[in-house]
Amino acid sequence: MSEKQYLIVPFDHQWLVENPYHLKSLSEFYCSIWEIDENFGEYRQCPNCHRYFSYEEVEEQYVRTCPDCNNTLVLAWVAKEVTQKLLSVSNQPSDQFSGFLAFNSNGGLVGFAWAHTLSIEEVEASWGKQIVDQLKAQNDSSEVAYFNELATDPSMRRHGIGSHLIRKISEWMRQYHGQKMALLRTHENSAARSLYEKIGYQICGTDTMYGYGRIMMAANHCANLKIDQLN
């Protein structure tokens, strides 16, 4: 699939409200994509420690309760809750939020990405003081540009969609937050990790909240993101 065979569409809060069908599709796609991802495997979750469990663990190994907390596992993602999350996080000015969707030639949703700003206090509340200390050692800004989400349909990978979405988000970061640090969370075995490293991100710590291979990556200034390194 060439770039001409898919369409990248920007979205914000208003666009989501005016396109309820696409909002519903995005929410459902979001839930399904993390459930089947070979690295994340977010099929069920412990409501106490937040640990995720894969489809194989739950349905094939019959894990029904968290071995650490003994809590009954719940759905990792619920479409209605994701819808509310999307409407909430996107309800910001254009310099504070940026989102893009990828559609195939038949109009089907095959990818998404969005980013927004986070205060250092919010970063610490989510991932701990150790991450914040490492970030401040590189850039003592009170706010970061957080690359929150990136995903593409597994059947559509290796066609440049992920690179295109990363480029769009990085351009927004450079335009509005050049002197701030760029931050993201991914998995150490994620296919996107090499793309992030190519444009200037480096590992700055592990995700102590959710763990299990999840890592934090950062670039000291959004202005230094090497977008031209993406194909």
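The values are calculated or read from the model by the stated rules, or taken from the named source; none is laboratory data. It should be emphasised that the depicted structure is a prediction, and the values quoted were computed from it without experimental measurement. Positions of Cβ are backbone-derived with ideal geometry, glycine not excepted, and every protein chain shown enters the neighbour counts. Protein only, heavy atoms only, side chains kept; ligands, DNA and RNA dropped before computing areas. Shrake-Rupley method; radii C 1.70, N 1.55, O 1.52, S 1.80 Å.
Annotations for the structure displayed:
- Entry for percent of Cα pairs over 31 Å apart (calculated from the structure that is shown) out of [x] 41; [y] 27; [z] 21: [z]
- Residue separation of residue 157 and residue 95 scaled by 0.36 nm, minus their Cα-Cα distance, works out to 19.4 nm of gained length.
- Only lysines eight or more places from residue 226 in sequence, or on another chain, were considered; those with a Cα closer than 18 Å are 168, 180, 198.
- Cα gyration tensor shape for the range 150-211, rounded if a/c is under 1.5, else prolate or oblate: oblate
- Straight-distance crosslink candidates among lysines, where the alpha carbon sits under 26 Å from residue 80 and sequence neighbours closer than 8 are dropped: 24
- The residues of the chain expose, per residue, 50 Å² of accessible area to a 1.4 Å probe.
- Extension gain from residue 121 to residue 18, taking 0.36 nm per residue of separation minus the Cα-Cα distance: 33.8 nm
- Distance between modelled label sites at residue 229 and residue 105, nm, 7 Å Cα→Cβ extension: 3.3
- Accessible area of the range 5-142 belonging to carbon and sulfur atoms, whole % at 1.4 Å probe: 47
- Eligible aspartates and glutamates near residue 136 by straight Cα distance, threshold 19 Å, same-chain separation 8 or greater: 121, 122, 124, 207
- Once the chain from residue 191 to residue 209 is taken as fully extended at 0.36 nm per residue, the excess over their C-alpha distance is 4.3 nm.
- Largest to smallest in accessible area, the residues 135, 87 fall in the order 87, 135 (1.4 Å probe, all protein chains included).
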